[in-house]
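First the structure, in the form of structure tokens, and then the observations on it.
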Amino acid sequence: MNEFRRKKFYTAAILFIPVLLLACQLFSNAPFGPIIPSQSSTAAGIQKTLPLSITQSTTKTTLPFVAKTGIPIVVPPPSGKLYHGVYPGGITGEEDDLTPNDLQIYEQAAGKTAAWVFFSHNWYHGRQFPLITASWIRQAGSIPYIRLMLRSEAGGEGGDPVYTLQAIIDGNFDADLHTWAQAGRDFSTPLIVEYGIEMNGEWFPWNGKWNGGGEKNGYGDPTLADGPERFRDAYRRIIQICRDENADNILWVFHVNNNDYPEDEWNKFENYYPGSEWIDWLAVSVYGAQTPQETEWQEFRPMLDEVYPRLAALDGDKPIILAEFGVADHNPLGNQAEWAQAALSDIMSMRWSRLIGFSWWNEWWQNDEDPTHDTTMRLQDNPELAQVFQEQVGTNANVLGRVSINMSGQVSTTEPRKVYLPEVTRQITPTIWHPSLVTSWQWQLDDLPIDTSYDVQMYDIDLFDNDAATVAALHAQGFKVVCYVSVGSWEDWRPDADQFPPEVIGNEYDGWPGEKWLDIRRIDLLAPILKARFDQCAAKGFDGLEPDNIDSYTSDTGFPLTAQDQLIFNVWLANEAHARGLSIGLKNDDEQVADLLSYFDWALTEDCVADDWCEQLTPFIEAGKPIFAAEYTDNFQSVEEFCPQLNALNFNGIFKNRDLDAWMQPCR
């Protein structure tokens with residue numbers, strides 16, 4: 001057996017400084033779905049609902065299988081073809097901070113879109129379903145591939161103090177898992193999910209070594225090793241909870257490492273397999289040298305040759321994917337591009353006949369304080385590696401960047417859930433203006449023409465009321481110019497007002513005659529109109545976008561909007577703006593700052609002093625992103641009443657009339 005090399009997850013996560021996420025949203029509306037296990041696997045008369053309470057920790061749980069029906073299913077690619085997936089890379093090493101821009105950079109380098117996109121859902125960051133990341137991946141046209149990581153910390157050795165396999169079996173997290181499953185179900189389109197990635201490696205806390213090891217007298221069947229047996233039952237429990245919640249859009253993966261470590265017989269990955277009635281796909285990780293300092297250089301072919309027969313023997317029919325593969329650059333023992341060339345050539349030759357797809361691990365991470373020791377597997381860091389992918393993947397018609405589906409599943413008795421995904425064209429993110437923390441500004445939406453006499457750095461003006469010549473004139477005087485657009489309300493005086501379908505127009509906007517709320521859930525219907533507006537902003541030469549009314553879920557709109565609806569809509573707005581080279585500000589949505597900070601470049605507030613919520617926006621300042629704050633004359637008499645507070649917070653404050661005419665007094 002090859003000498004064990006510690007996986008990247010051990011050390012990378014705790015060495016990095018988190019960075020801010022910048023996004024470029026990419027969309028597609030192709031549906032996907034999971035493979036349906038054979039109906040013959042279901043025993044006659046078996047009940048769907050399983051009583052999941054376990055009274056004794058040493059009692060093995062017997063879980064029934066329930067087949068999935070009434071959904072589109074992912075099918076293997078045609079003979080001789082392969083799916084192309086990726087983890088496109090993040091910054092922190094925790095593999096949950098990837099962005100649309102990361103995906104776009106990888107896809108440009110590889111020359112092909114990704115059929116699925118990996119990311120980790122680390123429960124130490126929260127147990128809620130990762131809606132935002134899954135949504136933008138889906139909207140980019142890829143299937144979200146979620147690594148369900150029940151753990152308390154990113155690194156560290158040994159078992160987890162909270163999320164032990166026995167605790168999962170005992171139902172300690174059932175409530176969280178039911179909530180997670182419900183959100184996954186309501187996501188409505190297919191997901192690929194795996195729990196317990198590389199369970200046969202001791203670098204993860206769900207490895208049997210930390211959960212009973214090879215002992216046979218502490219749990220379940222006395223003929224089976226307790227550690228692997230606990231893993232099987234924990235994974236089955238998770239799957240059963242999702243089935244009980246009708247989350248049949250989830251395809252479940254059993255994902256092993258190519259080597260078992262510890263190398264003991266009880267730790268072979270075969271002992272961890274939950275069973276064919278539970279698992280849809282089989283998967284394996286195969287890595288070469290993972291740092292420039294490793295003293296052994298292993299080629300790809302013999303590693304996959306060794307593990308493939310074992311994996312295939314788990315089930316004679318399950319599709320197999322190469323879920324992770326990669327090798328570090330700058331190792332003196334070998335050449336990264338040549339390693340990838342040989343690996344991809346073997347993959348394309350269908351040497352491993354049941355392999356239906358592969359995923360390069362496009363990541364960088366720090367190993368120690370010496371930058372020359374950093375690991376990079378990123379295509380964009382090595383032109384020779386990118387060229388290999390362009391030739392082997394990008395121009396290869398046998399490599400598919402989208403997944404095939406079969407719509408012939410049984411008809412469900414429930415009404416299918418609707419998912420609205422607008423189409424956009426992929427493009428490279430242009431340079432975006434990022435204002436400095438201290439940026440003076442003027443906001444004029446009324447009392448035209450624009451008064452350019454103020455000594456400020458930025459003007460915020462209306463899209464429709466100002467032409468390209470006005471923007472150019474402001475630029476000529478040295479101003480940056482922001483484009484005001486209401487995206488959450490319908491205004492009857494706008495030139496495109498008749499383009500809004502009646503079904504998206506809701507209640508009257510109290511206090512603003514001629515204005516009504518919009519159903520932000522219907523991105524499919526709103527996208528053509530709003531994208532045309534954003535295109536106008538870009539065409540007129542604006543530098544940024546001020547999207548108004550993006551906290552409508554807190555208002556009486558006439559629609560049952562939720563906080564999640566708002567998050568999805570606001571992330572879509574940010575990515576659409578960035579795709580056009582426009583900076584974008586978060587307008588007044590103070591309750592969602594933590595979720596949206598990474599997507600927005602600055603913030604704009606109204607009445608935060610008057611209504612006492614300025615502190616909720618300070619994460620923008622801490623992240624180096626400016627806040628533009630307006631207080632109004634209907635609340636205060638003079639700047640002395642509020643400017644000291646705004647200045648202390650380092651907000652860029654101004655005093656305005658409510659109708660946003662030309663009059664203005666700055667705080668500093």
Task: Solvent-accessible area of Lys268 with every protein chain in place, 1.4 Å probe, in Å² to the nearest 10 - done: 70
- [ ] Output ³J(HN,Hα) for the range 475-484: one whole-Hz value per residue in order, computed from phi by the Karplus curve 6.51 cos²θ - 1.76 cosθ + 1.60 with θ = phi - 60°, and x for Gly and Pro.
- [x] 4, 5, 8, x, 8, 7, 10, 9, 9, 7
TODO: Among the chymotrypsin sites (Phe, Trp or Tyr not before Pro) in the range 82-188, which ones are in a DSSP loop with at most 16 other Cβ atoms within 10 Å of the Cβ? Mind listing them?
DONE: none
- [ ] Using only Cα atoms, locate the centre of the range 100-138 and the centre of the range 555-622, then give the distance between them in Å, rounded to an integer.
- [x] 21
Task: Unit charges on C-beta of K, R, D, E only; dipole of the range 527-620, Debye - done: 680
Task: Positive-pole candidate from Gly511, Cys483, Gly558, dipole of the range 470-589, charges at beta carbon - done: Cys483
Task: Test item: Cα-centred dipole of the range 528-579, Lys/Arg +1 and Asp/Glu -1 on Cβ, debye - done: 200
- [ ] Taking H placed 1.01 Å from N in the peptide plane, check which residues at least 5 places from Gly558 or on another chain put their amide H under 5 Å from its amide H.
- [x] Asn507
Open item on the list: Amide H of Tyr484 versus every other amide H placed in the peptide plane: which residues, excluding those fewer than 5 positions away on the same chain, fall under 5 Å?
Closed with: Ile461, Asp462, Leu463, Glu546
Open item on the list: Please give the Cα centre distance for the range 183-220 versus the range 237-256, rounded to the nearest Å.
Closed with: 12
Task: Surface share of carbon and sulfur [accessible, 1.4 angstrom probe, percent] for the range 506-600 - done: 46
Task: At most 16 other Cβ within 10 Å, DSSP loop - GluC sites (Glu not before Pro), the range 85-165 - done: Glu153, Glu157
TODO: With an 8 Å cut-off on Cα pairs and a minimum separation of 6 or more residues, tell me the relative contact order of the range 215-308 in percent.
DONE: 26
Task: Solvent-accessible surface ranking, highest first, for Glu508, Glu245 at 1.4 angstrom - done: Glu508, Glu245
Open item on the list: Please give me the summed charge of the neighbours of Gly653: other residues whose Cβ is under 13 Å from its Cβ, Lys and Arg +1, Asp and Glu -1.
Closed with: -3
Task: Whole-number accessible area per residue in Å² for the range 503-550, which is evaluated in the context of all protein chains at 1.4 Å - done: 37
- [ ] Evaluate the relative contact order of the range 315-392 (contact order divided by residue number), counting alpha-carbon pairs under 8 angstrom at least 6 apart; express in whole percent.
- [x] 36
- [ ] Give me the percent of DSSP beta bridges within the range 481-588 that run antiparallel, rounded to the nearest 5.
- [x] 40
TODO: Just check the range 210-325 against the gyration tensor rule for me: Cα atoms, a ≥ b ≥ c as the square roots of the eigenvalues, rounded for a/c under 1.5, and otherwise prolate or oblate depending on whether a/b exceeds b/c.
DONE: oblate
Task: Residues His434 and Asp634, FRET efficiency given R0 of 41 Å [Cβ-Cβ distance, rounded to 0.05] - done: 0.80
TODO: Could you work out the relative contact order of the range 488-633, using alpha carbon pairs under 8 angstrom and six or more residues apart, expressed as a whole percent?
DONE: 18
- [ ] Run the 1.4 Å probe and let me know the accessible area of Leu322, rounded to the nearest 10 Å².
- [x] 0
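The values are calculated or read from the model by the stated rules, or taken from the named source; none is laboratory data. Everything numeric here is computed off the predicted structure, so don't read it as measured data. Backbone-built Cβ (ideal geometry, glycine too); neighbour counts: all protein chains shown. The protein model used for the area step is the full one, side chains on, heavy atoms only, and it has no ligands, DNA or RNA in it. Shrake-Rupley method; radii C 1.70, N 1.55, O 1.52, S 1.80 Å.
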